[in-house]
Structure formats: structure tokens, C-alpha cells
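Take a look at the structure set out below.
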Amino acid sequence: MSKILNSGGDEAEFAKPLYVPIKRRSFFMYAGATAGATALLLSGCDDDNVDPVTPAGTVSLGSGDVGVLNFAYALEQLEAAFYAKVKASPASDFSAAEKDYFSQVAAHEAIHRDFFKAAINRDAPGKIIQDLTPNFDSIDFTKRATVLSAARTFEDLGVQAYNGAGKYLKTAAYLVIAGQIVSVEARHAAYVRDLISNGSFADDSIIDPVTGLDKALEPVDVIAAAQGFIKEKLDATSVGK
Amino acid sequence: MNIFRIIEQLSEVDADVLGRFDSRRAVFKTLGTTAKRGALASAPVFLASLFQKAYGQGTKPTVIEVLNYAQTLELLEEDFYKKMVAAGQVPAGAPKGAIDLILKHETAHVKLLDTTIRALGGTPVTGVKFKTSAFPADYTTQLVVAQALEDTGVRAYKGQAGNLMGAMAGTTSLLQVALQIHSVEARHAAHIRTMRMQTPWIPAADSALAAPLGPVYTGAIPESNTTQSNVDITKLGAGYTANDAAASFDEILTMAEVLDASRAGGLVQP
């Protein structure tokens, strides 16, 4: 065992988690994740995948799977910052129950942000985008109605973002993670919508009444919609490519 | 990389680890070849495919099989809500409005899947009905079943995403369509849960509920799970509670788990 661990190099680094005794409960997750971890390890060896040149002051989300992860990370940073502010100074007309629920939503979004940060730094060292600076000047945080309206925008946009970006992921394990997050975003969206108007969780304005489908947006369109809330200029043109 | 050592480690948690592979001899023959080639980079790839075969759902289902599986669940949901409306226990106003809206979506999903399966040259499943003897007479319990069906649907679609990677119908990504249904099911689930005075998201405690809800939130990866992609969520940042860690990620169910008699499989009219 110690001999193996001391063999050095990337290969030993990659294999290290495999030598740690595994609890049965977590094992089945692990078996599923192996394929993804492997694919990423290999793609990490590919030096041809250079980020395109972007104008100065522009943050490129990057290409390939890492681009999709950075895209998600950018949105989660935005959502986490928004709810942190809602939680820190809630509108005076929020009920106690609403404050409680929004503090849970704030935790979920902060977790998503922190998770992507950890996963990108682990799987694609050096490829993570910078911390973004939110611009919430257009949002009145003192009123429940304006907070809910902004929350609806962020949550529906988040759902549409994951729905549209899933097809660009080449690593199955990342796709599953995206799926695990998007349904929680959809739950948030439904909750916020119902607070605005009970029964609007999946009304005809957001779900196509003929196909029964939620919306899906391409990464560039999501970033165009989110750009007004972020100070840095984001470039999503290579995401998934 | 010492593959034999890994298998030895696996055998400590899974006595049948070798039984899961095609045959002991075949495994070691292949391992030998891989080692001889000295292609270290290919070893993890080989290992991953080996484990996927051994621990996955057997052979990867075809796109038609995945769509028919989805259709089975959509038909089950559609028939359940039809029965719920017909039973007449849903209070007028917001509750009736919500159930009607959800039924409308399930019917739309059935039509969409039926059309898609036919377009791909497959034969859509038909005639799936909610088990009459399992249909609750009272509204409160009907909502419990609705929650079970919706949260199962969310987990079921999520579990098939990997099997739809790259699948197309003409220029339409079937994975994207599945995701667009998946998030609708999650919206339904959230609303039904709030109708029952539950959080719209799934707390860790739900995995310990009694049947019929409990099994919906258990499985090889229960909804109470707090480790994602080998990252302990509770230890991120300044730390998070196990409940927030569990609720911030929904979990998959495999086809076999969903079709088990303890879950949706037990709600289908034989």
C-alpha cells in the first residue's frame, strides 16, 4: 500500500482515492463516478484545448466540459450572492416562514457555488473563472414583491440554463450532477412563483401547454440575460465546444 | 496503478465483486493484456468500463427503451390524476387548479413521448394504469401518492440522463427534451409538497419516512446523501448542515429501483 502511494506522479495522485477503504454506502456512488473522473483525467492531459483569445476585461467561461462547469459556477455565484443579500437584510414584509425558507434557499445556492468551485479546482486546475462581482443595483431588496420578482427571474433562468447546457456535457458524471442541481432550482422556481401567485409554479407562461416542456436556453442567451447583474463581461461563446 | 489491489479493496465491501464481472478468467486475461501494453492512461478507462458493466444496469438500455420507461411513468401519473379528478375529492379553487394543470402536463408528456417513440421507429407502451386497489379514497392520502409519483418521476428522469447523451430525433436533442420534462416534474413535486405543508425541496429526514413515501427517498443513493462527486458537502466553505447538504442536490433512482414493487412498480395495475 505505502509502496503504491509513494510511486509518485499524476497516476498515483489519481489513484489515491481508490486505496482509501470504502464504506459500502458510498461505494455505489463511487462506481458510477469512476467513468467521469477518468474521462476528465484524460481530457486534462489534452493541451490542445486552449481557451480562445478574448478581449481584455472579458471573462471567458472556457470550452468543453470545463466551460459548462464554469458557466454553471457563474450562475451559482450570482444566485448565491443574491440570496445572501436577501438573507442578510430581508424585506420587512417577508413572513417568518418565508425568511426561514429563503435562508434554506440561500444555503442551497451557496452549496452549489462552493461545490462547483471545489470540483473545478480539483478536476481542471487553473481553469476556474474568477470570483464575479454582482450588480444588484436594479433590485429593491427592501420590498418582498421586488425580491420575489428578481428571485423568479434567477430561478427560471437557472432551470433554463441547465436544461440547455446538459447536452454539451461529454462526461456522464457531470451530467448527472447538473441534473441533481437543476431539479432543486426548479423546486425553488416553483416555490417563488407560488409566493408571487399561488398556482403559477408551472403555468402556461413558463411551461409550454401543448408539449408540457419547460424552457431551455443556450449558454450565450443565458449569459446575455444574466449579464446585467454581473459587473465583469462574460463570454460564453465557447461553452461546451 | 495496481488494479488487483483495487479489486481486493472492493471485495471488502462487496464479496461478490468478481462474480459481477463476466468471468474471473476473462477479467484477469484482459487485465494482463492491458498491463502488458503498459498503457497506464488506458487503465483507468478500462477500469471504469469494467465497473460500469459490473455495477451498472447491465447492458445500456436503448433510446427507445428509455423513452418507453419514461412513457410508463407518464401514463401511470396521467391515469392517477384522471382518477383523482374523477374521485371528486379535490377542493375547488387553487387545489383543483393545480391538479388540473399537472394532469394537463402529464397528458402532454404522454403525447410527446408517443409521437417521439413512433418517429424513431419504436412501439410506444400503452395501457399503463394506476392500480385501482391502491387508489386512496381520501384527498389527503391522494396528495401523498401524488407526491410519491412526482418525486419518483424527478429521480427517474435524472437516472436516465446518461443513457440519452447524444441521442437525437432529427435535430432535436432527446436529452434536452428529457431535461425539459424533468424540471416540470420537479415543479409539480415542489407544488404538491407545499400543498402538504412540506418544504418544496427534499429534506434528509424524508429518507426515513414510512411507506409509501419513504422508499421514494431511499435507494442505493438516498436523498439524505451529503457526498457529491466525492466532495463532502457539509465540509464546503464554512460548513453546511447535513439537511441543507442533502436538500441542495436531488438524487437519481435506477430503472430497477423505480420499477421495484416498493416504489412506482407497485402502483401499476397488473
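Among the residues examined, B:Ala256 does not qualify as within 25 Å of A:Val192 (Cα to Cα) and not in a loop (DSSP other than H, G, I, E, B). So which residues in region A:118-132 are within 14 Å of chain B (Cβ to nearest Cβ) and surrounded by fewer than 19 Cβ atoms within 10 Å (Cβ to Cβ), if there are any at all? Passing the criteria: A:Asn121, A:Arg122, A:Asp131.
Condition test on B:Ala186, is it closer than 29 Å to B:Pro61 by Cα and either at pLDDT 95 or above or assigned to a loop (DSSP other than H, G, I, E, B) (or both)? Considered against the rule, which asks whether it is closer than 29 Å to B:Pro61 by Cα and either at pLDDT 95 or above or assigned to a loop (DSSP other than H, G, I, E, B) (or both), B:Ala186 comes out as yes. Residues of region A:162-194 that are within 17 Å of B:Ala247 (Cβ to Cβ), open to solvent by 10 Å² or more (accessible area, probe 1.4 Å) and β-branched (Val, Ile, Thr): A:Ile177 alone. In region A:195-228, which residues are open to solvent by less than 30 Å² (accessible area, probe 1.4 Å) and not in a loop (DSSP other than H, G, I, E, B)? Result: A:Ser200, A:Phe201, A:Ala202, A:Pro219, A:Val222, A:Ile223, A:Ala226. Each residue in region B:179-202 was checked for being of a type in the set (D, E, K, R) and either in contact with a strand residue (DSSP E or B) (Cβ under 8 Å, 6 or more places away or on another chain) or open to solvent by 10 Å² or more (accessible area, probe 1.4 Å) (or both), and 1 pass. Take B:Val184 and tell me if it is of a type in the set (A, V, I, L, M), in contact with an Asp or Glu (Cβ under 8 Å, 6 or more places away or on another chain) and more than 9 Å from chain A (Cβ to nearest Cβ). Considered against the rule, which asks whether it is of a type in the set (A, V, I, L, M), in contact with an Asp or Glu (Cβ under 8 Å, 6 or more places away or on another chain) and more than 9 Å from chain A (Cβ to nearest Cβ), B:Val184 comes out as no. The condition (being crowded, with 23+ Cβ neighbours inside 10 Å, more than 13 Å from chain B (Cβ to nearest Cβ), of a type in the set (A, V, I, L, M) and in contact (Cβ under 8 Å) with a residue 40 or more places away in the chain) is satisfied by just one residue among A:Val147, A:Val159: A:Val147.
Looking only at region B:239-253, residues that are part of a loop (DSSP other than H, G, I, E, B) and touching a helix residue (DSSP H, G or I) at 6+ places or on another chain (Cβ under 9 Å) come to 8 in all.
The set of residues in region B:80-98 being more than 10 Å from every other protein chain (Cβ to nearest Cβ) and surrounded by 22 or more Cβ atoms within 10 Å (Cβ to Cβ) consists of B:Phe80, B:Tyr81, B:Met84. Before we move on, is A:Ala186 facing another protein chain (nearest Cβ under 7 Å), assigned to a helix (DSSP H, G or I) and farther than 20 Å from B:Val110 by Cα? Criteria met by A:Ala186.
A Cβ distance below 7 Å, combined with a sequence gap of six or more or placement on separate chains, defines the contacts here; from region B:221-244, residues that are facing chain A (nearest Cβ under 7 Å) reach residues that are part of a strand (DSSP E or B) in the pairs B:Ile233/B:Thr227. Could you say which residue among B:Ala156, B:Ala161, B:Ala137, B:Ala146 is under 14 Å from B:Lys82 (Cα atoms) and crowded, with 22+ Cβ neighbours inside 10 Å? It is B:Ala146.
The values are calculated or read from the model by the stated rules, or taken from the named source; none is laboratory data. Only a predicted model underlies this, so the values are computations on that prediction, with no experimental measurement involved. Cβ coordinates were reconstructed from backbone atoms using ideal geometry, including for glycine residues, and neighbour counts include every protein chain displayed. Each accessible area value is taken on the protein alone, full model and side chains, heavy atoms only, with ligands, DNA and RNA left out. Shrake-Rupley method; radii C 1.70, N 1.55, O 1.52, S 1.80 Å.
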